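> One structure coming up, written as structure tokens, with questions to follow.
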Amino acid sequence: MSGAHLNEVYPTLPYKPVSGAGVYLEDADGRRVLDLYGGHAVAGLGYGHPRLTEAVVNQAQQLMFQSNAVTMRVRDEAADKLAAFAPDGLERVFFVNSGAEANENALRLALQATGRGKIVAMEHAFHGRTAAAGAISWNSRDRWYGFPQTPFDVEFVPRNDEAALAAAVDSDTAAVIIEPVQGVAGAFDFAASFMQATRSACDAAGALLILDEVQTGVGRLGKPFGADFFNVTPDLLTTAKALGGGFPCGAVIMRAELAADLQPGALGSTFGGGPLACAAIVAVLDTIAEYDLLAQVTEVSARIADTCTFGHVTGIQGAGFLLGLRTAQRAALVRNALLEHNILAGTSSDPYILRLLPALILESKHVDSLAEALKEIGDETLQ
Ligand SMILES: Cc1ncc(COP(=O)(O)O)c(C=O)c1O
């Protein structure tokens, strides 16, 4: 068990968890770490949540897999609940397996529906690593894209620049795609006025609006989706990460008119909408509602903002539980120091932003542990 056969494409942390309970991870030596990063925003209900675990175990015992060639009650239930959770006007669900796959399908739908060839994206955006999703991820061509060309024309617009956006969205534009709060970029939150101007620019040009809610979705901002947070209804919304609470899955949620044009065979996925994923989705959405986790996110997020801006942390951006803590020294150094104090946080593509993506079940007492650890680290120069 050396790990020597894994491709070394991921920088790894000096901590090897073997189990988790609630918001804590534990390694083989019994060292417990408070996880404020949630495995890149996936562990929305934390670890070992009884309801989620039971739902997946029961479904595994009942029927581990069947494809979309047969109708399944659990798939219908997951789609009904997800459509009810999504903003009004988004009624039809197509299940996939990941965030990139959701975006890939949403982009294809937008290009086909409009018959146009250009996608407008935001500078610093991250949408995934497949051919289409990577094409609209900022700087990917210089860093990792690898494909000889992008599958459509792409124009990037500076964040919050309404004039540049209005100029870019024209009669060739199939869609604008935007993360309501840019996750990988360090929890950069767009101005509400810019989000609304984006909707208006799309309407004026006959382009579609895609919200990439792979990271912001499923309650992370203290609302069901970022669309609700910014009061902007997209034509297509993509989500993944916390949707299955750790079970891999994603979804494209769309307006009924877009779905109405789709013929059998227009979209497809072997594993998308599999029963285990759907059982997990139902459990996640039910748990959020039952425990009023959206209100908890808003309340506990405010406590982070109120009590954790000192020492190495000079400011906080983002919303809900997608927060970027601006650090006076490199965020990776602060992250390492926090881990020595048994707190796991993440970094971002901004070297001076530490990213927090905790589970929706995080409580005030856990924030107090973060504040305490930040106090212990002090504001000395970190190595
Ligand atoms: C906003 C956003 N979109 C898409 C993706 C890609 O998701 P996945 O890694 O599940 O393909 C990510 C992943 O970090 C993301 O943050």
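The values are calculated or read from the model by the stated rules, or taken from the named source; none is laboratory data. Quantities reported herein were computed from a predicted structural model and do not represent experimental measurements. Cβ: placed from backbone, ideal geometry, glycine included. Neighbour counts: every protein chain shown.
> Look at segment 26-56 and say how many of its residues are within 21 Å of the chain's Cα centre (by Cα) and of a type in the set (A, V, I, L, M, F, W, C).
Going through segment 26-56, the residues within 21 Å of the chain's Cα centre (by Cα) turn out to be 34-49, 52.
The next check asks that each one be of a type in the set (A, V, I, L, M, F, W, C); those that pass are 34, 36, 41-43, 45, 52.
The total comes to 7.
> Just one of (1) more than 24 Å from the chain's Cα centre (by Cα); (2) outside the structural domain of Gly226 (by TED's automatic domain parsing); (3) loosely packed, with under 13 Cβ neighbours inside 10 Å; (4) not hydrophobic (A, V, I, L, M, F, W, C) trips up Thr71, so point out which.
It is condition (2) that Thr71 fails.
> Confirm whether Leu208 is within 16 Å of the ligand (Cβ to nearest atom), among the aliphatic types (A, V, I, L, M) and under 18 Å from Ile253 (Cβ atoms). It would help to see each step written out before you state the result.
On the way: within 16 Å of the ligand (Cβ to nearest atom): no; among the aliphatic types (A, V, I, L, M): yes; under 18 Å from Ile253 (Cβ atoms): yes.
Spelling it out, it is not the case that Leu208 is within 16 Å of the ligand (Cβ to nearest atom), among the aliphatic types (A, V, I, L, M) and under 18 Å from Ile253 (Cβ atoms).
> Another question, then. Return yes when Ala102 is of a type in the set (A, V, I, L, M), buried (at least 18 other Cβ atoms within 10 Å of the Cβ) and not in a loop (DSSP other than H, G, I, E, B) and no when it is not.
In short, yes.
> Out of all the residues in segment 120-137, which are without any contact (Cβ under 8 Å) to a residue 40 or more places away in the chain and either under 16 Å from the mean Cα position of the chain (by Cα) or surrounded by fewer than 20 Cβ atoms within 10 Å (Cβ to Cβ) (or both)?
Keep residues of segment 120-137 that are without any contact (Cβ under 8 Å) to a residue 40 or more places away in the chain, which gives 123, 129-135, 137.
Within segment 120-137, Glu123, Arg129, Thr130, Ala131, Ala133, Gly134, Ser137 qualify.
> Further question on the same structure: Among the numbered conditions (1) surrounded by 23 or more Cβ atoms within 10 Å (Cβ to Cβ); (2) without any contact (Cβ under 8 Å) to a residue 60 or more places away in the chain, tell me where Gly272 comes up short.
Only one criterion in (1) surrounded by 23 or more Cβ atoms within 10 Å (Cβ to Cβ); (2) without any contact (Cβ under 8 Å) to a residue 60 or more places away in the chain is unmet by Gly272, namely (2).
> Look through Ala79, Ala106 and report the one residue that is in contact with a Phe, Trp or Tyr (Cβ under 8 Å, 6 or more places away or on another chain) and not basic (Lys, Arg).
Checking each option against the conditions leaves just Ala79.
> Also, I was wondering about something else. Filtering segment 88-128 down to residues that are in contact with a helix residue (DSSP H, G or I) (Cβ under 6 Å, 6 or more places away or on another chain) and of a type in the set (D, E, K, R), which residue is farthest from Leu262 (Cα to Cα)?
Glu104
> While we're here: Does any residue of segment 184-192 turn out to be in contact (Cβ under 8 Å) with a residue 12 or more places away in the chain, surrounded by fewer than 16 Cβ atoms within 10 Å (Cβ to Cβ) and either over 22 Å from Ile353 (Cβ atoms) or not charged (D, E, K, R) (or both)?
Start the filter on segment 184-192 by keeping residues that are in contact (Cβ under 8 Å) with a residue 12 or more places away in the chain, which leaves 184-192.
Filter once more, keeping what is surrounded by fewer than 16 Cβ atoms within 10 Å (Cβ to Cβ): 191-192.
Next, from what is left, pick out any that are either over 22 Å from Ile353 (Cβ atoms) or not charged (D, E, K, R) (or both): 191-192.
Looking for residues that are in contact (Cβ under 8 Å) with a residue 12 or more places away in the chain, surrounded by fewer than 16 Cβ atoms within 10 Å (Cβ to Cβ) and either over 22 Å from Ile353 (Cβ atoms) or not charged (D, E, K, R) (or both), one finds at least one in segment 184-192, hence yes.
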